[in-house]
Amino acid sequence: MVAKEFAFEMAASSIRFGAGSTRECGADLAEMGVKRVVVFTDPGLVRLPPVVNALESLEQNGVAFRLFDRVRVEPSSDSVQQAIEFAGAEPFDAVVAVGGGSTIDTAKIANLYNCWPADFLDYVNQPVGKGKPVPGPVKPLIAIPTTAGTGSETTGVAIFDYKPLKAKTGIAHRRLKPMLGIVDPENTRTLPPAVAASSGLDVLCHAVESYTAIPYTERPRPERPVLRPAYQGSNPISDLWSLEALRLCAAFIRRAVADPSDDEARRSMLLASSYAGIGFGNAGVHLPHGMSYPVSGLVREWRAAGYHSDHALVPHGISVILNAPAVFRFTASADPARHLEAARVLGANVDRASAEDAGRILADQLIRIMRDLSMPNGLGALGYTSSDIPALVEGTLPQHRVTKLAPRAAGPEELARLFEDSLKIW
Ligand SMILES: NC(=O)c1ccc[n+]([C@@H]2O[C@H](COP(=O)([O-])OP(=O)(O)OC[C@H]3O[C@@H](n4cnc5c(N)ncnc54)[C@H](O)[C@@H]3O)[C@@H](O)[C@H]2O)c1
C-alpha cells in the first residue's frame with residue numbers, strides 16, 4: 001500500500017502592496033547591485049502607465065534594460081521560445097515582468113531556460129514533458145501584475161499552450177517563484193472591463209478549486225521532501241487565503257468590472273488575486289482548470305472583446321469558469337460541507353441546505369455571478385459542439401498535475417459528461 005502524505009509546505013514570493021509601488025522597482029534592483037535587466041511586457045501594455053513607470057524607475061536608478069514587448073497574450077510554446085532567445089542574446093542579471101499572467105509566465109520561462117539550458121520538454125509537467133526539477137536558483141525576477149488576476153506573482157507556475165497537444169500545459173517548480181511581487185493597485189486602472197471580468201473569475205476559481213481540492217493527506221507521500229509537489233491539496237494555511245480571496249471576490253468583483261475608477265473594488269480584487277495565488281499556489285487547482293486547457297488550445301475563431309491579440313483566443317478566466325458549474329455539481333458529493341461553505345462565502349443562503357443540494361447551490365451561485373458579468377452561456381457560445389468533446393477529453397486527460405487533485409475522480413466518461421453539461425449553462 002502507498003503511504004499517505006503527512007506534511008505540507010507553504011511557499012510564496014515576497015509581496016509588496018501599495019499604490020505607486022511600481023516606481024520602487026529600480027531602487028530594489030540597484031540596491032542588489034543589478035546592472036542589466038530584461039523587461040517583459042505585451043504589445044497592448046507597452047505604452048501604458050505600469051510599463052512607463054517601471055522603465056522610468058529603472059532609468060532613474062541607473063539600471064540598464066532591454067525591453068521584450070512581444071509577449072503573446074495566452075503564450076504558446078513558440079512564443080516563449082522567442083522570449084527565451086531574446087533574453088539570451090545578451091547577458092542579464094535580473095528580470096522584470098510588467099503585465100498579466102501571460103507576461104509573468106513568459107518571463108519565468110525565459111529566465112529558467114537561460115539560467116539552466118535544457119531541451120524544452122525537460123522541465124515541462126509530466127506526462128507531456130519530463131517534469132525535471134529546476135536544478136538550482138534562477139536569476140531574480142520582479143513581477144508587477146497588471147491584472148487581478150492569475151496570482152502568478154506569488155507562484156512558481158508558468159502556463160503556455162503546447163501546440164502538439166492542442167492544450168495548455170506548464171512548468172511548475174518553487175524555484176520559479178518571483179523574488180518579489182510588486183502589487184500596485186494603480187496598475188489595474190486601465191484594465192478593460194472584459195479583462196477585469198475574465199481575470200476576476202480566474203481568481204474566484206483559484207479560490208474555490210483550491211478550497212475544494214483533495215486534502216493534502218490524501219496524496220501519496222513523496223520519497224524525498226524535494227519531490228513534494230507545489231500543488232499539494234487543500235491544507236489549513238491555503239484554506240485561509242482561499243476563503244479570504246473568495247470573500248473579497250464576492251464583495252468586489254461586480255464593482256471592479258462595472259467601474260474601473262472604483263479604487264476600493266480594484267484594490268480589493270488585486271489583493272484577492274494575490275491571496276488566491278498564495279492559496280492555490282500551494283494547494284493547487286483541479287477540474288475547472290484541467291478542463292480549461294484544451295478549451296483554450298482548441299479555439300477556432302472566437303475573439304474576446306478587450307484583448308489585444310492578432311489571434312483567436314479564449315481568455316483564460318472564461319475557459320475556466322464555463323466548466324465550473326458542471327464540475328462543482330459533480331464534485332460536491334465528495335465533500336458537501338466545503339462546497340456549501342464556498343457557496344455561503346459567495347453569498348448563497350445555505351441555512352437550510354442539505355448535503356445533496358451542495359453542488360447545485362454552489363453552481364447556481366456561480367451562474368448568478370457569471371450572468372451579472374455577461375459571461376458567454378457555455379462552451380457552445382464559443383463555437384464548441386458535442387463533436388468537439390472527444391478532443392476536449394483527450395486534452396484534459398494528461399493534465400494530471402491538477403486533475404489528480406479533484407475531490408472526485410473523473411475518467412473519460414465523466415469528463416465527457418462534464419463538457420456536455422458545460423455546452424449550455426443556463
Ligand atoms: N502562473 C500561474 O500561476 C497562472 C495562473 C492562472 C493563469 N495563468 C495564465 O495566465 C494567462 C492569463 O493572464 P491574465 O488573465 O492575467 O491576462 P493576460 O496577461 O493574458 O492579459 C490579457 C489582456 O489584458 C491586457 N491588459 C493586461 N493588463 C492591462 C492593464 N492594466 N491595462 C490594459 N490592458 C491590460 C493585455 O494587454 C491583454 O490584452 C494565461 O496564459 C493563463 O493560463 C497563469
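How many residues does the stretch 79-111 hold that are more than 11 Å from the ligand (Cβ to nearest atom) and either open to solvent by less than 10 Å² (accessible area, probe 1.4 Å) or at pLDDT below 95 (or both)? Let's see the steps before the verdict.
Here is the first cut: in the stretch 79-111, the residues more than 11 Å from the ligand (Cβ to nearest atom) are 81-96, 110-111.
Checking which are either open to solvent by less than 10 Å² (accessible area, probe 1.4 Å) or at pLDDT below 95 (or both) leaves us with 83, 87, 94-96, 110-111.
Matching residues across the stretch 79-111 total 7.
Go through (1) away from the ligand (no atom under 16 Å from the Cβ); (2) in contact (Cβ under 8 Å) with a residue 24 or more places away in the chain; (3) not in a loop (DSSP other than H, G, I, E, B); (4) not polar (S, T, N, Q) and name the single condition Arg255 misses.
Going through the list (1) away from the ligand (no atom under 16 Å from the Cβ); (2) in contact (Cβ under 8 Å) with a residue 24 or more places away in the chain; (3) not in a loop (DSSP other than H, G, I, E, B); (4) not polar (S, T, N, Q), Arg255 breaks only (2).
Would you mind listing the strands (runs of 3 or more DSSP E) fully within the stretch 1-84 where at least 2 residues are of a type outside the set (Asp, Glu) and not assigned by TED's automatic domain parsing to the domain that holds Leu141? Quick ask: steps written out before the conclusion?
Working: elements: 14-17, 36-40, 64-68.
Those strands (runs of 3 or more DSSP E) span 14-17.
Note down all Cβ pairs under 7 Å where the first residue falls in the stretch 303-329 and is under 19 Å from Leu405 (Cα atoms), the second is basic (Lys, Arg) and open to solvent by 30 Å² or more (accessible area, probe 1.4 Å), and they're at least six residues apart or on different chains.
Arg329/Arg360
Could you tell me which numbered condition Met375 fails, if it satisfies all but one of (1) away from the ligand (no atom under 16 Å from the Cβ); (2) among the aliphatic types (A, V, I, L, M); (3) open to solvent by 10 Å² or more (accessible area, probe 1.4 Å)?
Condition (1) is where Met375 drops out.
Looking at the stretch 356-363, is at least one residue open to solvent by less than 10 Å² (accessible area, probe 1.4 Å), under 21 Å from Leu248 (Cβ atoms), among the aliphatic types (A, V, I, L, M) and in contact with a strand residue (DSSP E or B) (Cβ under 6 Å, 6 or more places away or on another chain)?
No.
Considering only the stretch 196-219, I want to know if a residue exists there that is small (Gly, Ala, Ser), surrounded by fewer than 24 Cβ atoms within 10 Å (Cβ to Cβ) and closer than 21 Å to Leu45 by Cβ. Step through it out loud before you land on a result.
Applying the first criterion (small (Gly, Ala, Ser)) to the stretch 196-219 yields 196-200, 207, 210, 213.
In the following step, the residues that additionally are surrounded by fewer than 24 Cβ atoms within 10 Å (Cβ to Cβ) were identified as none.
No, because not a single residue in the stretch 196-219 is small (Gly, Ala, Ser), surrounded by fewer than 24 Cβ atoms within 10 Å (Cβ to Cβ) and closer than 21 Å to Leu45 by Cβ.
Looking at this structure, is Leu240 assigned by TED's automatic domain parsing to the domain that holds Thr403, of a type in the set (A, V, I, L, M, F, W, C) and surrounded by fewer than 23 Cβ atoms within 10 Å (Cβ to Cβ)? First the steps, then the outcome.
On the way: assigned by TED's automatic domain parsing to the domain that holds Thr403: yes; of a type in the set (A, V, I, L, M, F, W, C): yes; surrounded by fewer than 23 Cβ atoms within 10 Å (Cβ to Cβ): yes.
Judged against the criteria, Leu240 is a match.
Which condition number in (1) of a type outside the set (Asp, Glu); (2) at pLDDT 95 or above; (3) away from the ligand (no atom under 12 Å from the Cβ); (4) not in a helix (DSSP H, G or I) is the one that Pro229 fails?
(2)
List every residue pair whose Cβ atoms lie under 6 Å apart, where the two residues are 6 or more positions apart in sequence or sit on different chains, the first residue falls within the stretch 261-286 and is farther than 12 Å from Gln232 by Cβ, and the second residue, located anywhere, is open to solvent by 20 Å² or more (accessible area, probe 1.4 Å) and within 13 Å of the ligand (Cβ to nearest atom).
Taking only residues 6 or more apart or on different chains, the pairs are Ile278/Ala12.
Enumerate the pairs (first residue in the stretch 95-117 and in the same structural domain as Ser152 (by TED's automatic domain parsing); second residue anywhere and acidic (Asp, Glu) and in a loop (DSSP other than H, G, I, E, B)) with beta-carbon separation below 8 Å, excluding pairs fewer than 6 apart on the same chain, so at least 6 apart or on different chains.
Hits for this filter: Gly99/Asp42; Gly100/Asp42; Ser102/Asp42; Ser102/Glu74; Thr103/Asp42; Ile104/Glu153.
Select from the stretch 19-32 the residues that are open to solvent by 20 Å² or more (accessible area, probe 1.4 Å) and touching a residue at least 60 places away in the same chain (Cβ under 8 Å) and write down the one among them that is nearest to Leu270 (Cα to Cα). It would help to see each step written out before you state the result.
Here is the first cut: in the stretch 19-32, the residues open to solvent by 20 Å² or more (accessible area, probe 1.4 Å) are 19-20, 23-24, 27-28, 30-32.
So of that shortlist, the ones also touching a residue at least 60 places away in the same chain (Cβ under 8 Å) come out as 19-20, 24, 28, 32.
Details: Ala19: 11, Gly20: 14, Glu24: 18, Asp28: 22, Met32: 27 Å.
If we take residues in the stretch 19-32 being open to solvent by 20 Å² or more (accessible area, probe 1.4 Å) and touching a residue at least 60 places away in the same chain (Cβ under 8 Å), then Ala19 is nearest to Leu270 (Cα to Cα).
Counting only residues that are open to solvent by less than 10 Å² (accessible area, probe 1.4 Å), within 9 Å of the ligand (Cβ to nearest atom) and more than 13 Å from Ala12 (Cα to Cα), how many does the stretch 149-187 have?
5
Taking the residues in the stretch 283-330 that are within 9 Å of the ligand (Cβ to nearest atom) and in a loop (DSSP other than H, G, I, E, B) as candidates, determine which candidate is most open to solvent (accessible area, probe 1.4 Å). I'd like the intermediate steps shown before the answer.
As a first pass, look at the stretch 283-330 and keep what is within 9 Å of the ligand (Cβ to nearest atom): 285, 289, 292-293, 296, 304, 306-309, 313, 315-317, 319-320.
Checking the rest, the ones that are also in a loop (DSSP other than H, G, I, E, B) come to 285, 304, 306-309, 313, 315.
Working: Val285: 2, Ala304: 19, Gly306: 35, Tyr307: 48, His308: 114, Ser309: 40, Leu313: 7, Pro315: 1 Å².
Looking at the filtered set, the residue picked out is His308.
Restricted to the stretch 128-148, and to residues that are crowded, with 19+ Cβ neighbours inside 10 Å and in contact (Cβ under 8 Å) with a residue 60 or more places away in the chain, which residue is nearest to Gln81 (Cα to Cα)? Quick ask: steps written out before the conclusion?
Step one: filter the stretch 128-148 for residues crowded, with 19+ Cβ neighbours inside 10 Å, giving 128, 134, 138, 141-148.
Add one more test, that the residue is in contact (Cβ under 8 Å) with a residue 60 or more places away in the chain, and what stays is 128, 142-148.
Values: Val128: 17, Ile142: 20, Ala143: 20, Ile144: 22, Pro145: 22, Thr146: 23, Thr147: 24, Ala148: 26 Å.
By that ranking, first place goes to Val128.
The values are calculated or read from the model by the stated rules, or taken from the named source; none is laboratory data. The structure presented is a predicted model; accordingly, all values stated were derived computationally and were not measured. Note that each Cβ is placed from the backbone with ideal geometry, even for glycine, and that neighbours are counted across all protein chains shown. For the accessible areas, the whole protein counts, side chains as well, though only heavy atoms, and no ligand, DNA or RNA atoms are used. Shrake-Rupley method; radii C 1.70, N 1.55, O 1.52, S 1.80 Å.
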